[in-house]
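In what follows, a structure is listed as structure tokens, so that the remarks can point back to it.
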Amino acid sequence: MTTFTTLRVSLLCAAIAAGAAAAQDAAPDWAESRWGADDEIGAANLMTPERVKQAAGLVTDGKVYSLGMVVGSDTPAFPPRSLSVTVFQPNQAENDGLGSNKFTYNDDIFMGWLGIGPQIDGLGHAGVDHMYYGGRTYDQFAQASGLTELGLDKLPGLVGRGVMLDMASHYGVDMVEEGAAYTAEDIQAAAEAQGVELREGDIVLFNSNWMNLLDGDSPDPGRFGAAEPGLGVSGAEYLAEVGVMAVGADTWGMEVVPAEVEGEAFRAHQILQPENGIYILENMDTRELAADGVHEFLFVLGQARLKGAVQMIINPIAIR
């Protein structure tokens, strides 16, 4: 190798090393997870046996609340998401069924997006300029065939103390209006008035009665999907400071839309997910909990563990 070539190679290696060092130096503080560089489940690390046992102790009446709204092809969703289901009887159209006992069965084919209707956003969902939880960049883990890291298959489920804050009651309205941001002060005041304390490891749900736009006396699905009340920036920062495990709401995007600051998009998602490893639950039907005045309960979620999935349609259960 000539001296000139050797020099070029040395300079190239030095440039690459300098670029990598600069990129590392430029990484934001939040890129370093409190649970270590290899962690893939974020705030789910707070799901300790002690907390699960304490949450189980909240069950007094044994009443079960289904938090997952019914989802169908007509469910408003963040564009361009959609779904359809096709039911058929495979290989049975021209016979009486299988075997001498004529066994017949129906199957169904699902075609659509997994982030529609009642859903959990995994930690591979929301990012900041293509950087995600733990400082991972898009090209490192987000393959078209599925996430190689942070997939919801890594999450064993979520079990813990659930807290429902009734924001409609807090504001003294039948339904919270779109554009209303739940600030840190709102959350603290609602929790105090409703007799609950937010704690590390909690699953916090907000009720606004926004789902009345889908099945109430005057349904307006267009309005439901166009905007929403929800978590504001200071509220997200406060919940992250508390150290909650998941945040959910009875709206399609969980956080306030339009944003508090013109030009921003889903800033609360960024605070919760990439910056703090907190899960997001959307389209949670909390109205029955609110009607019964239930603010503290056992929360149980066992999502489908589809390998590499970013999001998943879910039906969490609250038990009082």
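Residue check: E241 meets all listed conditions (1) acidic (D, E); (2) loosely packed, with under 15 Cβ neighbours inside 10 Å; (3) over 19 Å from the mean Cα position of the chain (by Cα) but one, namely (3). Screening the candidates D107, D121, D129 for the property of being crowded, with 17+ Cβ neighbours inside 10 Å, modelled with pLDDT of 95 or more and acidic (D, E) yields one hit, D121. Looking only at residues in region 158-174 that are touching a residue at least 24 places away in the same chain (Cβ under 8 Å) and of a type in the set (A, V, I, L, M), which one is nearest to G42 (Cα to Cα)? Among them, the one singled out is L158. Which of the residues that make up region 108-134 are under 9 Å from the mean Cα position of the chain (by Cα) and of a type in the set (D, E, K, R)? Hit for region 108-134 is D121, nothing else. Mind listing just one residue for me: the one in region 199-222 that is assigned to a helix (DSSP H, G or I) and either of a type in the set (A, V, I, L, M) or modelled with pLDDT of 95 or more (or both) and, of those, surrounded by the fewest Cβ atoms within 10 Å (Cβ to Cβ)? Among residues in region 199-222 that are assigned to a helix (DSSP H, G or I) and either of a type in the set (A, V, I, L, M) or modelled with pLDDT of 95 or more (or both), the one surrounded by the fewest Cβ atoms within 10 Å (Cβ to Cβ) is G222.
Inside region 76-103, residues that are under 27 Å from G117 (Cα atoms), in contact with a strand residue (DSSP E or B) (Cβ under 8 Å, 6 or more places away or on another chain) and either loosely packed, with under 10 Cβ neighbours inside 10 Å or among the charged types (D, E, K, R) (or both) make up a count of 3.
Within region 225-243, the presence of a residue that is polar (S, T, N, Q) and over 18 Å from T183 (Cα atoms) is excluded. Are any residues in region 176-198 closer than 16 Å to D250 by Cα and buried (at least 16 other Cβ atoms within 10 Å of the Cβ), and if so, which ones? Within region 176-198, V176, E178, A180, A181, Y182, I187 meet the criteria.
Condition check ((1) surrounded by 19 or more Cβ atoms within 10 Å (Cβ to Cβ); (2) modelled with pLDDT of 95 or more; (3) among the polar types (S, T, N, Q)) across all residues:
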| site | (1), (2), (3) |
| --- | --- |
| Q273 | yes, yes, yes |
| N276 | yes, yes, yes |
| E288 | no, yes, no |
| H295 | yes, yes, no |
| V300 | yes, yes, no |
| Q311 | yes, yes, yes |
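Return a yes/no flag: does region 175-196 have any residue that is among the small types (G, A, S), closer than 18 Å to I317 by Cα and touching a residue at least 24 places away in the same chain (Cβ under 8 Å). So far as region 175-196 goes, no, none of its residues is among the small types (G, A, S), closer than 18 Å to I317 by Cα and touching a residue at least 24 places away in the same chain (Cβ under 8 Å).
Of the residues examined, A265 is not one that is touching a residue at least 24 places away in the same chain (Cβ under 8 Å) and farther than 18 Å from I120 by Cβ. Yes or no: E255 surrounded by fewer than 22 Cβ atoms within 10 Å (Cβ to Cβ) and among the charged types (D, E, K, R)? It is false that E255 is surrounded by fewer than 22 Cβ atoms within 10 Å (Cβ to Cβ) and among the charged types (D, E, K, R).
Flag set for D61, criterion: loosely packed, with under 13 Cβ neighbours inside 10 Å and closer than 26 Å to P316 by Cα.
The values are calculated or read from the model by the stated rules, or taken from the named source; none is laboratory data. Only a predicted model underlies this, so the values are computations on that prediction, with no experimental measurement involved. With ideal geometry, Cβ positions are generated from the backbone for all residues, glycine too; neighbour counts draw on all protein chains shown.
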